[in-house]
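Structure, as structure tokens:
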Amino acid sequence: MKLLTSLLLILSLTSFVIAQDATEIIKKADEKVKGSSSIATMTMKIVRPTWERTISLKSWGKGFDYSMTIVNAPAKEKGQTFLKRQNDLWSWNPTIARMIKLPPSMMSQGWMGSDYSNDDILKESSIIVDYTHTLEGSESIAGKDCYKIKLTPKENAAVVWGSVIKWITKDSFMQLKTQFFDEDGELIKTEIGSEIKKMDDREIPSKMEIIPEDNKGNKTIVIIDSIDFDVDISDDFFSQQNMKKIR
């Protein structure tokens, strides 16, 4: 009986340590691409079988609670701004001078017609806070040894996905591949990170490619043109008033 109890205790502690390890890996990978705060310029290319469209963006982010993204090109959408401030999500369209509060139901919709969702761009959900993490083994991605970690939504978490699987390099905690599944376990889209570059004080994938599973020939590519990490940004920067005047 004592032996059985000891074995059960060991198994319980082992499971706990593995879960903690998976969470720590996710934390390190998330911090690698976000820092405590960041300012980035990016180019997004939306690719469809019969056309392509390019959007230039600038984004600011701070922790889990604050992010802002402005469209700088093309001219038709220039100045459109998107804000997350804690639990509130807003968009500002200067052409019609209209501020709109985005409901949670819009988080799964495509952002600016791309394969990225509003949730992806506005970072409504947190991969650390809103999910539990399970280490599922190791696999090689693009010749690099990676942890394979499954993210399962916590009960009552306001998330878009039924589950997420990430492949994170063991030596430098870079996210090289992510798969997104619906509540029925069907694969919806895959994100691939590549073109690793030294950007500011760290090496990260500078190219992210989203490939939807059911729309062959469709994809969205994001190139990080520049990024500065751990910059000094006040919480007050992330305001509706600032949405109307940032550049």
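Every number in this text was worked out from the coordinates using simple rules, so none of it is lab data. What you see is a predicted model; the values in this text were computed from it and never measured. Virtual Cβ from ideal backbone geometry, glycine too; neighbours counted across all protein chains shown.
With +1 on each Lys and Arg Cβ and -1 on each Asp and Glu Cβ, how big is the dipole of the stretch 5-243 about its Cα centre, in debye rounded to the nearest 20? Display every interim value, and only then the final one.
Working: 30 positive and 36 negative charges, 130 e Å.
Approximately 620 debye in magnitude.
Looking at the stretch 117-199, which GluC sites (Glu not before Pro) are in a loop (DSSP not H, G, I, E or B) and have at most 11 other Cβ atoms within 10 Å?
Those satisfying the criteria are E155, E183, E186.
Let me check against my output: what whole-number percent is the relative contact order of the chain, with C-alpha pairs under 8 Å and at least 6 apart?
Working: 516 pairs, mean separation 50.6, N = 247.
Contact order relative to length: 20 percent.
Of the trypsin sites (Lys or Arg not before Pro) in the stretch 103-151, which ones lie in a loop per DSSP and count no more than 15 other C-beta atoms within 10 Å? Please list the in-between numbers first.
Values: sites: K123, K144, K148, K150; in loops: K123.
Counting only loop positions with at most 15 other Cβ atoms within 10 Å, none of the trypsin sites (Lys or Arg not before Pro) in the stretch 103-151 qualifies.
Need the full-extension length gain, D225 to K207, defined as separation in residues times 0.36 nm minus the C-alpha distance. One decimal, nm. Provide the component values of the computation, followed by the final result.
On the way: separation 18, 0.36 × 18 = 6.48 nm, distance 0.93 nm.
Result: 5.6 nm gained on full extension.
Does the stretch 40-136 come out rounded, prolate or oblate by the C-alpha gyration tensor, with a ≥ b ≥ c the root eigenvalues, rounded set by a/c under 1.5 and, if not, prolate when a/b is larger than b/c and oblate if not? Before the final figure, lay out the partial values.
Values: a/c = 1.89, a/b = 1.31, b/c = 1.44.
Cα axes put the stretch 40-136 in the oblate bin.
Full extension from E139 to S239: what is 0.36 nm times the residue separation minus their Cα-Cα distance, to one decimal in nm? Before the final figure, lay out each step's value.
On the way: separation 100, 0.36 × 100 = 36.00 nm, distance 4.25 nm.
That works out to 31.8 nm of additional length.
Once you order the gyration tensor axes a ≥ b ≥ c over the Cα atoms, which shape class does the stretch 180-242 get: rounded for a/c under 1.5, otherwise prolate or oblate by comparing a/b with b/c?
Values: a/c = 2.64, a/b = 1.54, b/c = 1.71.
Verdict is oblate for the stretch 180-242.
R0 = 22 Å: FRET efficiency of T152 with S108, Cβ-based, nearest 0.05?
Working: r = 18 Å, r/R0 = 0.80.
About 0.80, to the nearest 0.05.
Seen from all sides and averaged, what is the projected area of the convex hull of the Cα atoms in the chain, in nm²? Spell out each step's value before the answer.
On the way: hull surface 63.2 nm².
So the Cα hull casts an average projection of 15.8 nm².
Fewest to most neighbouring Cβ within 10 Å: what's the order for T81, T43?
With the fewest neighbours first, T81, T43 line up as T43, T81.
Compute the length gained on full extension between K216 and D171: take 0.36 nm times their separation in residues and subtract their Cα-Cα distance, giving the result in nm to one decimal. Spell out each step's value before the answer.
Numbers: separation 45, 0.36 × 45 = 16.20 nm, distance 3.35 nm.
Extra length available between K216 and D171 comes to 12.8 nm.
Strictly over 21 Å apart at the Cα level, which of K45/K144; K32/K150; K62/K170 would you flag in this model? Write down the numbers at each step before the final one.
Working: K45/K144 27 Å; K32/K150 19 Å; K62/K170 26 Å.
From K45/K144; K32/K150; K62/K170, over 21 Å: K45/K144; K62/K170.
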